[in-house]
Amino acid sequence: MKGLLLPSGGMVGMGGEARRERKRVAVLVSGGGTNLQALLNAQGEGRIAAGEIVTVISDNPRAYALERAKRAGVKSYVVERNKREVLEENILRILREEEIDLLVLAGFITILSPDFIAACTIPIINVHPSLIPSFCGRGFYGLKVHRAALDYGVKVTGATVHFVNEIPDGGEIIFQRAVEVKDDDTPESLGRRVMEEAEWVLLPLAVEKVCRELGEDGGTPGG
């Protein structure tokens with residue numbers, strides 16, 4: 001079964017901000033960084049042209065994603081999960097210092113607070129390993145999502161890239177792609193196929209779309 005790309009309507013933009021040739025992108029990560037690697041690969045292949053990944057931020061000092069950033073020559077930061085308020089203040093500070101135009105959550109485990117969302121004046125997008133509104137929201141992450149899909153008996157799952165708002169996985173959908181569930185799937189095999197067939201396809205497309213639209217006059221971030 002082939003997945004479908006379903007673009008959302010609406011434009012995004014940052015009113016009053018000076019336009020750049022390429023928008024500056026920061027990626028938030030917590031673990032291995034496979035989605036980060038998909039973005040770096042897409043950038044290297046020219047599939048992300050309207051934006052550039054310039055910063056990687058992790059809430060886990062042992063995240064392999066930091067090694068991926070180092071190999072790609074991308075500046076990285078660690079903001080450890082002590083107090084949520086301090087973590088979020090540090091992320092906001094980095095975003096300001098690095099003049100970031102778009103924030104991407106790519107396997108970032110910490111749920112950002114409504115106060116952070118309100119204080120962050122740039123678009124934030126997230127990739128989630130299901131077809132929202134199924135198997136999403138607080139508590140649904142990683143293999144838990146795929147285990148829930150298998151327990152429910154769905155025949156199709158997939159991934160969604162969406163704007164981030166104060167509701168976990170509740171923001172406007174940018175793209176979705178369907179992935180068939182096989183009879184012999186385990187949470188691990190299903191998760192791997194969703195990554196390869198959906199997440200790694202959609203996330204670069206969404207970054208390019210949002211960065212391109214940020215470069216156009218007018219518009220406001222989705223959410």
- [ ] Name the helices (runs of 4 or more DSSP H) wholly inside the stretch 1-101 in which the number of residues that are closer than 18 Å to Val127 by Cα and modelled with pLDDT of 90 or more is 2 or more.
- [x] 34-44
Open item on the list: Checking Ile109 against (1) in contact (Cβ under 8 Å) with a residue 60 or more places away in the chain; (2) β-branched (Val, Ile, Thr); (3) within 22 Å of Val210 (Cβ to Cβ), only one condition comes out false. Which one?
Closed with: (3)
Task: When residues of the stretch 157-212 are limited to those that are hydroxyl-bearing (Ser, Thr, Tyr) and surrounded by fewer than 17 Cβ atoms within 10 Å (Cβ to Cβ), the one farthest from Leu103 (Cα to Cα) - done: Thr186
Task: Test result for Ile174, in contact (Cβ under 8 Å) with a residue 12 or more places away in the chain and under 21 Å from Val25 (Cα atoms) - done: yes
Task: the stretch 181-200, residues that are part of a helix (DSSP H, G or I) and either touching a residue at least 40 places away in the same chain (Cβ under 8 Å) or more than 18 Å from Val127 (Cβ to Cβ) (or both) - done: Pro187, Glu188, Ser189, Leu190, Gly191, Val194, Met195, Glu197, Ala198, Glu199, Trp200
TODO: Being in a loop (DSSP other than H, G, I, E, B) and either on the phi > 0 side of the Ramachandran plot or at pLDDT 95 or above (or both) is the filter here, so list the residues in the stretch 135-155 that pass it.
DONE: Phe135, Gly137, Gly139, Gly142, Gly153, Val154, Lys155
Open item on the list: Looking at the stretch 116-134, can you tell me whether even one residue there is out of contact with any Lys or Arg (no Cβ under 6 Å at 6 or more places or on another chain), loosely packed, with under 15 Cβ neighbours inside 10 Å, among the polar types (S, T, N, Q) and assigned to a helix (DSSP H, G or I)?
Closed with: no
Task: In the stretch 26-41, the residues that are more than 16 Å from Asn90 (Cβ to Cβ) and surrounded by 24 or more Cβ atoms within 10 Å (Cβ to Cβ) - done: Asn35, Leu36, Leu39
- [ ] Would you check which residues across the stretch 102-115 are part of a loop (DSSP other than H, G, I, E, B) and in contact with a strand residue (DSSP E or B) (Cβ under 7 Å, 6 or more places away or on another chain) and list them?
- [x] Ala106, Gly107, Phe108
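The values are calculated or read from the model by the stated rules, or taken from the named source; none is laboratory data. Quick caveat: nothing in here was measured; it's all calculated off a predicted structure. Reconstructed Cβ throughout: ideal geometry from the backbone, glycine too, with neighbour counts over all protein chains shown.
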